[in-house]
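Structure first, then comments.
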Amino acid sequence: MTFAQDWQRRWPRCRPIGHELRACARATWVRFHSLPVSRRYPEDEADVVELLHRHDTILDDLVAASADERVVVITCAWSDGPTPVPRDAATQALRPDAAWVMSVEESVGSWTHLHAETLAWRRGELAGLLRAVACDAAGGVIVADADLTWLYHPYDGGGDVIAASALQRDRLRTTYRDWLSAHPEGL
């Protein structure tokens, strides 16, 4: 099967667009903030260490609950047409082995081109990419297990988990409750 077929089989109501995942999979969604008191951007190296720790800890937990220790890392490029375009130089340098897997028209005339790679999960493996996301230098990233059972969308400020089940979501929410938002909707 192709990535597009695997995605459609597992997530038929969701497009592989990071910022859309929360809305289409609300029943298993939970958001974690990457810095204390919900600060959005790191101010110093200690903040970077903390946010990488939080991202890696959540990913460690998700991978540990998976049948396979491989993850799929999705990065994006954008254009005004359906023909795939290369990712920006910085993202390409961070994840050079990713290959184009599909394109999605986000809105009329605005296309997202997804590039993916599968790799064995190792804590710290995505540090450069997660740091770029945290500083708003990369976007649209999704990390998933090899079977696309769960999804993790890091953004500048935290990460959205689309858990494999409501039970997994609730366990994560309890385990990492200090990293949750105080906002009543969890934003």
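We did not get these values from a lab; they are worked out from the coordinates using the rules stated. Given the structure is predicted, the values throughout are model-derived calculations rather than measurements. Counting neighbours? That spans all protein chains shown, and the Cβs are built from the backbone with ideal geometry, glycine included.
Structure data summary
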quantity: Positive-end residue, the chain charge dipole about Cα centroid, Cβ charges, pick of ALA137, SER110, ALA93; calculated: SER110
quantity: 5 angstrom amide H check on MET102, placed H, neighbours 5+ away; calculated: LEU114
quantity: Dipole magnitude (debye, nearest 20) for the chain, charges at Cβ of Lys, Arg, Asp, Glu; calculated: 560
quantity: Which of CYS135, CYS14 has the fewest Cβ neighbours within 10 Å, and the rest in rising order; calculated: CYS135, CYS14
quantity: The stretch 3-179 - Rg (one decimal) and Dmax (whole number), Cα, Å; calculated: 15.3, 43
quantity: Trypsin sites (Lys or Arg not before Pro) within the stretch 78-174: DSSP coil, no more than 16 neighbouring Cβ in 10 Å; calculated: ARG122, ARG123
